[in-house]
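Written out below as structure tokens is the structure these notes cover.
The values are calculated or read from the model by the stated rules, or taken from the named source; none is laboratory data. Because the structure is a prediction, the values reported are computed rather than measured. Quick reminder, even Gly has a Cβ in these numbers, built from the backbone with ideal geometry, and neighbours come from all protein chains shown. The area values use the complete protein model at the heavy-atom level, side chains included, leaving out ligands, DNA and RNA. Shrake-Rupley method; radii C 1.70, N 1.55, O 1.52, S 1.80 Å.
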Amino acid sequence: QKEVEQDPGPLSVPEGAIVSLNCTYSNSAFQYFMWYRQYSRKGPELLMYTYSSGNKEDGRFTAQVDKSSKYISLFIRDSQPSDSATYLCAIPRGYSSASKIIFGSGTRLSIRP
Amino acid sequence: DVKVTQSSRYLVKRTGEKVFLECVQDMDHENMFWYRQDPGLGLRLIYFSYDVKMKEKGDIPEGYSVSREKKERFSLILESASTNQTSMYLCASRSGWILAGTYEQYFGPGTRLTVT
């Protein structure tokens, strides 16, 4: 079983829709959870990270963690064509920037104008 | 606004050639990483370095080596390129601590390497 699983998509939604991107993980000891966005022909960029359970909001983006079911989600409100990208969930193995990070395989998202 | 640069965007090499991929960061980060990204497999860590001249193997180091002679520069070397090393190679640099809210990470734009 992979440590982090992510549906590869592709996911296509109309502009303005609420998007839900999801990952599951296997190790209940994980404490921090990250989301990256990767535009075509670019490297990933860190969108946000969240600790343990609960929600974290940043503009139109909300990261949610449900530790009881080992499920993490990224919600995008009022989706825009500029949100079209591949979104990767990721879990660091430790708190330091030297810690390894386990990446999901990414979900390709397309927002239709 | 340049943060992490990689020496080439696209590279085509022949089987058996020695290949050098270079990465430079301008943020004085202590940690640097090399990943490869393949469809369906996500990002896989090849090597990382937490200080000058220090290196650690990642999850898939076979067939690769690295060099970090200066803090800002981290090189990935394919000793004898093979077709199964055709991939997107991404360099990243990181600094800070998650708990302190000082965590920073930036990726380069990637090098798409084709080995024929």
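Miscellaneous remarks
- Any pair with Cβ under 6 angstrom, 6 or more apart, that starts in segment B:16-45 at a residue that is closer than 16 Å to B:Tyr64 by Cα and ends at one that is part of a loop (DSSP other than H, G, I, E, B) and not small (Gly, Ala, Ser): B:Arg44/B:Asp59; B:Arg44/B:Ile60; B:Leu45/B:Asp59
- Looking at segment B:15-109, the strands (runs of 3 or more DSSP E) lying wholly inside it that each contain 2 or more residues that are open to solvent by less than 50 Å² (accessible area, probe 1.4 Å) and β-branched (Val, Ile, Thr) sit at B:19-25.
- Residue count for segment A:1-34, restricted to those that are modelled with pLDDT of 95 or more and within 12 Å of another protein chain (Cβ to nearest Cβ): 1
- Scanning segment A:51-95 for residues that are surrounded by fewer than 17 Cβ atoms within 10 Å (Cβ to Cβ), within 14 Å of chain B (Cβ to nearest Cβ) and not charged (D, E, K, R) returns A:Tyr51, A:Ser52, A:Gly94, A:Tyr95.
- The single residue among A:Arg41, A:Arg77, A:Arg37, A:Arg93 that is farther than 20 Å from B:Ser93 by Cα and either more than 11 Å from the chain's Cα centre (by Cα) or of a type outside the set (Asp, Glu) (or both) turns out to be A:Arg77.
- Segment A:59-75, residues that are part of a strand (DSSP E or B) and over 18 Å from A:Thr24 (Cα atoms): A:Phe61
- Being open to solvent by 10 Å² or more (accessible area, probe 1.4 Å), within 14 Å of chain B (Cβ to nearest Cβ) and among the β-branched types (Val, Ile, Thr) is a property that holds for A:Ile101.
- Within segment B:23-69, considering residues that are charged (D, E, K, R) and away from every other protein chain (no Cβ under 13 Å), the one nearest to B:Glu79 (Cα to Cα): B:Glu62
Yes or no, residue by residue, for (1) aliphatic (A, V, I, L, M); (2) under 24 Å from A:Gly94 (Cβ atoms):
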| site | (1), (2) |
| --- | --- |
| B:Met32 | yes, yes |
| B:Ile77 | yes, no |
| B:Thr83 | no, no |
| B:Tyr89 | no, no |
| B:Ala100 | yes, yes |
| B:Tyr103 | no, yes |
| B:Tyr106 | no, yes |
| B:Pro109 | no, no |
